[in-house]
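The values are calculated or read from the model by the stated rules, or taken from the named source; none is laboratory data. None of these values were measured; they are calculated from a predicted model. Here the Cβ positions follow ideal geometry from the backbone for every residue, glycine too, while neighbour counts run over all protein chains shown. We work out accessible area using only protein heavy atoms, side chains counted, and drop any ligands, DNA or RNA first. Shrake-Rupley method; radii C 1.70, N 1.55, O 1.52, S 1.80 Å.
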Amino acid sequence: MDSRTVALIRTTFKAVAAEDGGPEQLARSFYALLFTEYPQLRDFFPAALEVQRDRLVKAIGYAVDRLEEPEQLLPFLAQLGRDHRKYGVVAEHYAAVGNSLKSALRAHAGTELWTDEVEQAWDAGLGLISETMIGAAELETTPPVWTGTVVEHREVLCNLVVVRLRLDQPMSYAAGQYVSVQIPARPRMWRYLSPAIPANPQGEIEFHIRSVSGGWVSPAMVGHTAIGDQWLLGAPLGGLGVPRNTRRKMLMVGCGTGIAPLRA
């Protein structure tokens, strides 16, 4: 992608984001357009969109800032593509999302800023994003989701529990990675948790979960999980790890549930 194209994308996005309430308004417009033009996609999203809107704007901002840094951007997009398999996303959905995002940007940018050249630049940028995500998803050989049955729910503190699950098939993950989790009580509301034990052939996985005051999901995980509940888990993500084959001493510092990846 040439520097002119990158500059046009960044200028447009920053101009829209600089407006009063810009990022939030952009996200609201995007989802309104998406669900109006493609109502069949509404079921892919949670009923409450506050967290989703924030994630959308952050992801766009991250991508826009790294358009000239493919060594950082492409792995990020590939990881997103692999992760989005858990929603049942297919190639045609990316076109719907791209069209709605472009329409939302055009509406907020105004006719003076949104020229034919700007539209072509965004077509190129959105094309890069969707092609990378689709390509990574199609190459992935792991399951889109795992089903985990709760076999232990142990209260450590009044707002902290240890939950152990047995997966329907073993999951291969590196200690320090994290996975997205959906519980029956909160459909389509995925949250990221770090396994607290290494991957094992028995398909067991353990999480340390703290209830966040005012949260949508963690209080249900802590207070309403029962033995036999079935959770859905997405593919492992992230690159936190410990160097192998080294004699160097290492000090790892964590607090609360933050010790989970260190324990693994």
Could you run through region 213-240 and say how many residues are closer than 29 Å to Arg82 by Cβ and open to solvent by 50 Å² or more (accessible area, probe 1.4 Å)?
5
Identify the residue in region 243-264 that is more than 16 Å from Ser194 (Cα to Cα) and of a type outside the set (D, E, K, R) and, among all such residues, is modelled with the highest pLDDT.
Leu251
Among residues of region 1-32 being of a type in the set (A, V, I, L, M) and surrounded by fewer than 16 Cβ atoms within 10 Å (Cβ to Cβ), the residue nearest to Glu117 (Cα to Cα) is Ala7
From the option list Leu240, Leu193, single residue qualifying as at pLDDT 90 or above and of a type in the set (A, V, I, L, M, F, W, C) is Leu193
Testing Ala226 on (1) in contact with a Leu (Cβ under 9 Å, 6 or more places away or on another chain); (2) in a loop (DSSP other than H, G, I, E, B); (3) among the aliphatic types (A, V, I, L, M), one condition comes back false. Which one is that?
(1)
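Being among the hydroxyl-bearing types (Ser, Thr, Tyr) and touching a residue at least 24 places away in the same chain (Cβ under 8 Å) is the filter; apply it to region 110-162 and report the residue that is surrounded by the most Cβ atoms within 10 Å (Cβ to Cβ).
Checking each candidate, the answer is Thr132.
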Among the residues of region 173-215 satisfying the criterion of being assigned to a loop (DSSP other than H, G, I, E, B), touching a strand residue (DSSP E or B) at 6+ places or on another chain (Cβ under 7 Å) and β-branched (Val, Ile, Thr), which is nearest to Arg55 (Cα to Cα)?
Ile183
